[in-house]
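Right, one structure below, let's go through it.
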Amino acid sequence: MDYVEHTFTFSCEGQTLIAITAIPERPQTVGVLVVVGGPQYRIGSHRQFVLLARDLASQGIVCMRFDCVGMGDSTGTSRDFESVASDIRAAVDAFFAQVPALTRIVLWGLCDGASAACLYAPLDARVGGLMLLNPWVRTEQGQATAYLKHYYANRLFERTFWRKVFRGEFGASKSLTSLLRNLVHVAGRLRSARAVPASEPNPESLEFPERMAAALGRCNASVLIVLSENDLTAAEFDDYSTTSRRWQDILKKPDVVVARIPAADHTFSSAAWRGTVSQLTSSWITGREPAERFSRDANQLVCFQIHALPPAKNYERSGAREIERARSSDTRADE
């Protein structure tokens, strides 16, 4: 399907943010908003966000990507992922203003972009779905657990490790200190997991991975979690979620699905992995075809239609100023 790309700006707390939408000639009513995390901006590692947006648009799914305050070409001072709710809300308002056909959106985020999307979702009823790729849940204890399970064990089977041992280049004292420190952190995490609170704590007092789970529990969005096989961040999510009661409750919900991509790294650096991510995104949103081969359980299908929500006209829209329009599907806006 043909599509055009529009470059425009919108305001957030007095700052000017830049965004690009890829709009198909016959857009569906569900759009994808890419929430960019970390030191990235709207293009993404290996141009992933550019390629994703164009691939989705070619399938009839409108996609918007933008630079948060202080990132990329947007003005202001950058903030961490726990402080970008206003950026996301302004982007959602601008998205609905740009594409009147929209009735609901999917927040799509990688790493701490996924974490930011989680924290924002219950604040906006227009969010009908969340696609969370290798979500960031790092804590000192979680990182220690991941190192113990995935780093130290793997090192024993590496030739370079044993080469250092036999050459006398292995720093035993430093490595032992690191190992003991990680063991202490893991023990603390296990004690915390076993503890039963006398009452439900204030969500704002929780560490951020617990606030992410609490946020998912409060929103009505369907959730697709995508984990790379060869990624420490994904391994940390696995380890954390198995010891967190809140995350266990979330993962048992029928509209929350975990998909795994074999051999993939954190940023899906190969064309094949990026293609798989794009396929998962479009098939999950449209429900066109099952993708059981990516699921943890072969009997559990990845594809779910996201919840229908009230029309976008029920929500106030902010005015987004378009500054550039692509004239045809062969003319692309600045990335």
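Please list, by residue number, everything in the stretch 83-112 whose backbone N is under 18 Å from a paramagnetic label point 7 Å out along Cα→Cβ of residue 29.
Hits in the stretch 83-112 for residue 29 at 18 Å: 96-107.
Tell me the net charge near residue 132. Cut-off is 14 Å between Cβ atoms, residue 132 excluded, with +1 for each Lys or Arg and -1 for each Asp or Glu.
It works out to a net charge of -3.
Which residues does the label zone of residue 205 cover in the stretch 108-127, counting backbone N under 18 Å from a point 7 Å along Cα→Cβ?
Counting only backbone N, you get no residues.
Using a Förster distance of 41 Å, how high is the FRET efficiency between residue 229 and residue 101, based on the Cβ-Cβ distance and rounded to 0.05?
Efficiency computed from Cβ-Cβ geometry: 0.65.
In nm, to one decimal, how far is the modelled label at residue 253 from the one at residue 73, with both set 7 Å along Cα→Cβ?
It is 3.6 nm.
Report the label-to-label distance for residue 13 and residue 1 in nanometres (one decimal), using points 7 Å from each Cα along the Cα→Cβ vector.
3.5
Going by how many other beta carbons lie within 10 Å of each one, how would you line up 266, 6, fewest first?
So the ranking, lowest neighbour count to highest, is 266, 6.
Readers should treat all values here as calculations from the given coordinates under stated rules, not as data from a laboratory. Please read these numbers as outputs of a predicted model, since none were measured by experiment. Cβ coordinates were reconstructed from backbone atoms using ideal geometry, including for glycine residues, and neighbour counts include every protein chain displayed.
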